[in-house]
Amino acid sequence: SKIVTLFTKDHGKMNAIVKGARNYKSKLCGTLESMNYIAAVIYFKENRELQLISGAEYKKSFYHIIHDFEKLEAAYKIIEILNRSVINNDTNKLMFELLMKTFEKLNDAKENYSLFVLFFLIQLTKNIGLSPDFEDLNSDNETFFTKNEFYVIKSEISTLKSLEKCTVDTVGDIKADIVILNKLISTYERFLTNHTLGNKYYKSTKVFRELNLYA
């Protein structure tokens, strides 16, 4: 059997078990892989910790993400951040649609993959009610929060404002310095770990940092 975490359109995030999924003869073998978009038959009980998947049909995968190391790193970061930031069985169709569109655009992108990660972080914090207000900054203030848990210098504000105002269809057109992007992503990650279900660090960040040493 296999235990999976699904992010569904109608029921939000849920954990589920698929009996016999690891058997190579199973029709579900290979269907329930990370980042696959599927249609699943789920026996859903509201108070049950593990739902039961009786069937699943493959609908779409993101070929260029799976076969590109840098895109894969960005996609896994997005998945883990979402997983740590939302609770089970909390329906969020807006985030579902945003996740699908972000993956579609990342799949087709030619460069600047970190833009999609930062864009998703900005939209996620807005959606769960943790977003800093970029318009509240004055000339003497370089932080969004008094405890400096979200520290941003003036040279990074324009990048944040540009990404806040764009859409998922236009995010790939923004020009931004990769050093600034990575610093802002780290800032958002640290902020979210303090306010959501995240640990002290994201596993995907650690894993891909180690993999990059051998790339």
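Points to keep in mind about this one:
- When residues of the range 74-106 are limited to those that are open to solvent by 20 Å² or more (accessible area, probe 1.4 Å) and of a type in the set (A, V, I, L, M), the one farthest from S61 (Cα to Cα): I87
- Counting the residues of the range 5-28 that are part of a strand (DSSP E or B) and at pLDDT below 90 gives 1.
- Annotation note: Cβ proximity below 8 Å between a residue of the range 156-173 that is touching a residue at least 40 places away in the same chain (Cβ under 8 Å) and a residue that is acidic (D, E) and assigned to a helix (DSSP H, G or I) (sequence gap 6+ or interchain) occurs for C166/D173.
- Per-region count, the range 29-69, residues surrounded by 15 or more Cβ atoms within 10 Å (Cβ to Cβ) and assigned to a helix (DSSP H, G or I): 2
- Among (1) in contact with a strand residue (DSSP E or B) (Cβ under 8 Å, 6 or more places away or on another chain); (2) farther than 25 Å from K93 by Cβ; (3) among the charged types (D, E, K, R) - the single one K25 does not satisfy: (1)
The values are calculated or read from the model by the stated rules, or taken from the named source; none is laboratory data. This one's a predicted model, so the numbers in the text were calculated from it and none came from an experiment. Every residue, glycine among them, receives a Cβ derived from its backbone with ideal geometry; neighbour counts consider all protein chains shown. Just so you know, the surface numbers come from the protein's heavy atoms only, side chains and all, with ligands and any DNA or RNA stripped out. Shrake-Rupley method; radii C 1.70, N 1.55, O 1.52, S 1.80 Å.
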